[in-house]
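Engineer: Before I ask anything, let me first share the structure, which is written out below as C-alpha cells.
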Amino acid sequence: MKHIKNLSLVLLCIDYRFWPQALPILKEKYGDFDLIEIAGSSKNITSPLEEEDRITLLENIGLSIKLHHPHKLILTNHTDCGAYGGSKKFKSQDEEVEFHKKELINAKSIISKKFPTLSIETELFTLKGDKVELV
C-alpha cells in the first residue's frame, strides 16, 4: 500500500446539512485525509453517551495512525448539532460558538494524552442559510 505524504485524519459529524459542503472545504485546506464520521463528532471524546463510544473512537484514531500514518488530526464540530441539543440549547450564536470551541479544545487535550506525538487542529463549521462556512 502506498502511503500518502502529509495525509491527515478528519473527525466529522454525520449531519447531512454539513458534510457534503464540509468535505471539499477540508480537502482544499488539508489535502488527502482518512475520515471518521460519527454523530456528534468530538462529543464522543468529551462527553460520550457511553464510555465505549470514546474507546471505539480512540481505537479508530489509533488504527488510522498505525495503517496510514496521518501527520495531523483535524477535529471538527458544527453549530446546530443535534447530538449537543441543537442551537436552541444556547441563548445566542456567540454562546454556541464559544461552547463548541471549548469542546474542541477539551477533545484535543484528551486525544493528545493518548497520542502525544499527533498534531491536532480544530475547525468549527456553521450554517449560513444553505451555505456551510468555517467560523
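Values quoted throughout were computed directly from the atomic coordinates according to the rules given, and no laboratory measurement underlies them. None of the values given here were measured: they were computed from a predicted structure. Counting neighbours? That spans all protein chains shown, and the Cβs are built from the backbone with ideal geometry, glycine included.
Engineer: Consider Asp80 against the criteria (1) closer than 18 Å to Val10 by Cβ; (2) surrounded by 13 or more Cβ atoms within 10 Å (Cβ to Cβ); (3) over 12 Å from the mean Cα position of the chain (by Cα); (4) among the charged types (D, E, K, R): it satisfies all of them except one. Which criterion is unmet?
Structural biologist: All conditions are met except number (1).
Engineer: Shifting gears a bit: All but one of (1) closer than 13 Å to Phe125 by Cβ; (2) touching a residue at least 12 places away in the same chain (Cβ under 8 Å) hold for Pro24, so report the exception by its number.
Structural biologist: (2)
Engineer: Right, here's the next one. So which of Ser64, Ser8, Ser41 ends up being touching a Cys at 6+ places or on another chain (Cβ under 9 Å) and touching a residue at least 40 places away in the same chain (Cβ under 8 Å)?
Structural biologist: Ser41
Engineer: Can you confirm whether segment 84-93 contains a residue that is in contact with a Gly (Cβ under 9 Å, 6 or more places away or on another chain), surrounded by 16 or more Cβ atoms within 10 Å (Cβ to Cβ), more than 23 Å from Leu7 (Cβ to Cβ) and in contact (Cβ under 8 Å) with a residue 12 or more places away in the chain?
Structural biologist: yes
Engineer: Let me ask something else. Return yes or no: is Thr122 surrounded by 19 or more Cβ atoms within 10 Å (Cβ to Cβ), of a type in the set (Ser, Thr, Tyr) and within 15 Å of the chain's Cα centre (by Cα)?
Structural biologist: no
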